[in-house]
Amino acid sequence: MTREVPARDTGLQQERTALAWRRTGLALAVGALLLTRLTLDTLGTAVVVPAAIGLVLAGWVISVTLRGRRYAAAHPDEPSFDRILWDGRVPAVVTLVTASLAVGELLNAVVQLLRA
Amino acid sequence: MRPAAYDRLVTSKRWPTAVYGSGREPDPRFSLANERTFLAWIRTGLALIAVAVAVDALSLGIGPRAQSLLAGVLALTGLVASVHAWRGWVRTETAMREDRPLPGNAAGILVVAGVALAGVVLVVASVLRGLS
């Protein structure tokens, strides 16, 4: 079976996707720093843990997507697949961390609501 | 003609197998677009969580109870957005691989409802504060 190879880089898909990953990495970093600053009073030194996890993940997301040929390993025989998404592992980790940030903040809000 | 190694790589080593176990590789542009949609939802979730944290930490002058309620609604909406990011990515990628129509965006209404509810809480709490 032959595939119609799309014109390379139509619509700058790879660049747009790489930029979207970087925006998300930066948003994660900002989120981690904001969380650190605003929960410093309630959590004390324990705040280092979520902050470190968030910052490390943000750095990892940015560095993974800065690597030029991230997708190439999946498709060595098809140049048009140069940068296609390898699989769902990175999205899964990013989802897990974002969801745990939300759960943490949700628990915090519920505890405060019960105390108020 | 694609080499056999290509199809093996596409189906065997990639996770989750629920997505990559069946179907054919879609046009890479569509997989990349699906990836960007996922990232947009993640950023939406992160923004909602950031606002929830800020509401929790700053004083809005609407009382601690309303403020915690507002933070809780926003955090819950952020949770929905991030879970939907993953679920939507999986469902869309699977549909594209199996050449089926794309799933709808029904979970989006939950995020709309969450943001609207947060607005209602803020308005009601502000009005009550103003009256008392």
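With the simple model of a label 7 Å out from the Cα in the direction of the Cβ, residue B:106 to residue A:12 spans 3.8 nm. Using the Stokes-Einstein relation with a Kirkwood hydrodynamic radius computed over Cα pairs, the translational diffusion coefficient of chain B at 20 °C and a viscosity of 1.002 mPa s comes to 124 µm²/s. Look at the stretch B:86-97: the mean tally of other chain Cβ atoms within 10 Å of its residues' Cβ atoms is 2. Can you check what the net charge comes to around residue B:53, using other residues whose Cβ is under 10 Å from the Cβ of residue B:53 (Lys, Arg +1; Asp, Glu -1)? Net local charge, residue B:53 excluded: -1.
Average accessible surface for chain B: 49 Å² per residue, computed with a 1.4 Å probe over protein heavy atoms with every protein chain in place. Using the Cβ-Cβ distance between residue B:98 and residue B:13 with R0 set to 25 Å, the FRET efficiency from 1/(1 + (r/R0)^6) comes to roughly 0.80.
The Cβ shell under 13 Å around residue B:90 holds other residues with a net charge of +1, Lys and Arg each +1, Asp and Glu each -1.
With contacts taken as Cα pairs under 8 Å and at least 6 residues apart, region B:28-131 reaches a relative contact order of 34 percent.
Stretching residue A:56 away from residue A:113 to a fully extended chain increases their span by 17.4 nm, per 0.36 nm per residue minus the current alpha-carbon distance. Across peptide B:47-58, the mean count of Cβ atoms from other chains lying within 10 Å of each residue's own Cβ comes to 6.
Helix screen, chain B: DSSP H segments with Cα axial length of 20 Å or more and mean Kyte-Doolittle hydropathy at least 1.0 are B:108-131. Interface of A with B. Using a 1.4 Å probe and counting protein heavy atoms only, the two chains hide about 4400 Å² of accessible surface, both sides summed.
Neighbouring Cβ atoms from other chains, within 10 Å of the Cβ of residues in A:16-26, number 4 on average.
The values are calculated or read from the model by the stated rules, or taken from the named source; none is laboratory data. Because the structure is predicted, anything quoted here is derived from the model rather than measured. All Cβ positions, glycine included, derive from the backbone under ideal geometry; neighbour counts span all protein chains shown. Each accessible area value is taken on the protein alone, full model and side chains, heavy atoms only, with ligands, DNA and RNA left out. Shrake-Rupley method; radii C 1.70, N 1.55, O 1.52, S 1.80 Å.
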